[in-house]
1. Any idea of the accessible area per residue across region 3-83, 1.4 Å probe, to the nearest Å²?
2. Counting only protein heavy atoms and using a 1.4 Å probe, what share of the accessible area of the chain belongs to carbon plus sulfur, as a whole percent?
3. How much length is gained on full extension from M117 to Q29, taking 0.36 nm per residue of separation minus their Cα-Cα distance?
4. What number results when the radius of gyration of the chain, computed over Cα atoms, is divided by 2.2 N^0.38 Å?
5. So, in nm, how far is label V62 from label A17 when the simple model puts each one 7 Å beyond its Cα toward the Cβ?
6. Rounded to a whole number of µm²/s, how large is the Stokes-Einstein D of region 1-78 at 4 °C and 1.567 mPa s, given Rh as the Kirkwood radius over C-alpha pairs?
7. Please tell me the relative contact order of the chain in percent, rounded to the nearest whole number, where contacts are Cα pairs under 8 Å and at least six residues apart.
8. Rounded to whole Å, give me the distance from the Cα center of region 17-32 to that of region 50-107.
Amino acid sequence: GGYTNLDVYERLAAGQAFATSKRIRDLVQFGDLHRLVSPLDGPLGALAYLAPRAADATDPAVPCAVAFAYRLEDEGGDPPAIGVPGLVPDRRYRVEDATPGSPDHGTASLQTGSDLMARGLGWPHEAAPSARVWVISPEV
């Protein structure tokens, strides 16, 4: 049972999920929760956890934020981007897709805090139900 019954892709996704959970555990347990989009208002939901002193974060090895977005049902049109609050506007951040099992897992981009707060992150592009996880770290 359990792990041994998974196929190779499911094992890969499970390994990625385990590694990501270890990496963001303290941030989720002790960080400040920001509910960005309520799933009570529609088929989308988003939340972010920020380190208590995210603005003071300087270690690129330690994430200062993690954001989650999920699509519960498909809907027409493009929903607005997900703004991540509490970042330093003129600082650059590394935004890594940490979605287990996603072909985009591990891809990263550099964005400024002002871009992440204003233009934000996109929604999962897969059909519902789907989700995305991003790990955000300061770029030094």
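The values are calculated or read from the model by the stated rules, or taken from the named source; none is laboratory data. Every value quoted in this text rests on a predicted model; they were computed, and no experiment measured them. Cβ sites come from the backbone with ideal geometry, for glycine too, and all protein chains shown count toward neighbours. Side chains are part of the model used for accessible areas, which takes the heavy atoms of the whole protein and leaves out ligands, DNA and RNA. Shrake-Rupley method; radii C 1.70, N 1.55, O 1.52, S 1.80 Å.
1. 64 Å²
2. 55 percent
3. Value of the extension gain: 29.4 nm.
4. The value comes to 1.06.
5. 2.9 nm
6. On the way: Rh = 15.0 Å.
Stokes-Einstein gives a translational diffusion coefficient of 87 µm²/s.
7. 27 percent.
8. If you average the Cα positions of each part, the centres end up 13 Å apart.
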